Amino acid sequence: MRGFDTAFVVVRLEIGFRKPARIDDALLVRTSYDTVRGPRLIVHQRIERDGELLTTAEVEVVCIHLDGRPRRAPPELAEKIRPYLQPAG
């Protein structure tokens, strides 16, 4: 986002491969933003082909200053993400 001295880095990535995709497959990637705690954001992804689950991923990212120090996401950015957060449970 313009005006923010902010970046995100991946600190943990867990991938479950279930079935292969092929070149030219039409894939659907579903992403849910599950948790925001301080500078951390937990994201889940599912990759599907014709409704069939191929891959799942859990990604943990951390918001940082451009000098590498962790920081909370700027309020404007947090507000943009909030509608995409999944309810707990």
- Message: Cβ-Cβ under 8 Å, sequence separation 6+ or interchain: first residue in segment 29-54 and over 28 Å from ARG69 (Cβ atoms), partner polar (S, T, N, Q). Which pairs?
- Response: VAL29/GLN45; ARG30/GLN45; ARG46/THR55; ARG46/THR56; ILE47/THR55; ILE47/THR56
- Across (1) of a type outside the set (D, E, K, R); (2) open to solvent by 40 Å² or more (accessible area, probe 1.4 Å); (3) touching a residue at least 24 places away in the same chain (Cβ under 8 Å); (4) assigned to a strand (DSSP E or B), ALA21 clears everything bar (4)
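Listed here are the residues, each with its yes/no results for (1) in contact with a helix residue (DSSP H, G or I) (Cβ under 9 Å, 6 or more places away or on another chain); (2) at pLDDT 85 or above; (3) not polar (S, T, N, Q).
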| site | (1), (2), (3) |
| --- | --- |
| GLY3 | yes, no, yes |
| VAL10 | no, yes, yes |
| ARG49 | no, yes, yes |
| LEU77 | no, no, yes |
| PRO83 | no, no, yes |
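Residue-wise test of (1) of a type in the set (Gly, Ala, Ser); (2) closer than 30 Å to ARG72 by Cβ; (3) surrounded by 12 or more Cβ atoms within 10 Å (Cβ to Cβ).
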| site | (1), (2), (3) |
| --- | --- |
| ILE15 | no, yes, no |
| ALA26 | yes, no, no |
| ARG30 | no, yes, no |
| VAL36 | no, yes, yes |
| GLN45 | no, yes, yes |
| ASP50 | no, no, no |
- Query: Within segment 36-55, can you find the residues that are closer than 28 Å to LYS80 by Cα and not in a strand (DSSP E or B)?
  - Reply: GLY38, PRO39
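The values are calculated or read from the model by the stated rules, or taken from the named source; none is laboratory data. The structure displayed is predicted, hence computed values, not measured ones. Because the Cβ atoms are built from the backbone with ideal geometry, glycine has one as well, and the counts that use them run over all protein chains shown. Ligands, DNA and RNA are stripped out before the accessible areas are found, and what is left, the full protein with its side chains, is counted by its heavy atoms. Shrake-Rupley method; radii C 1.70, N 1.55, O 1.52, S 1.80 Å.
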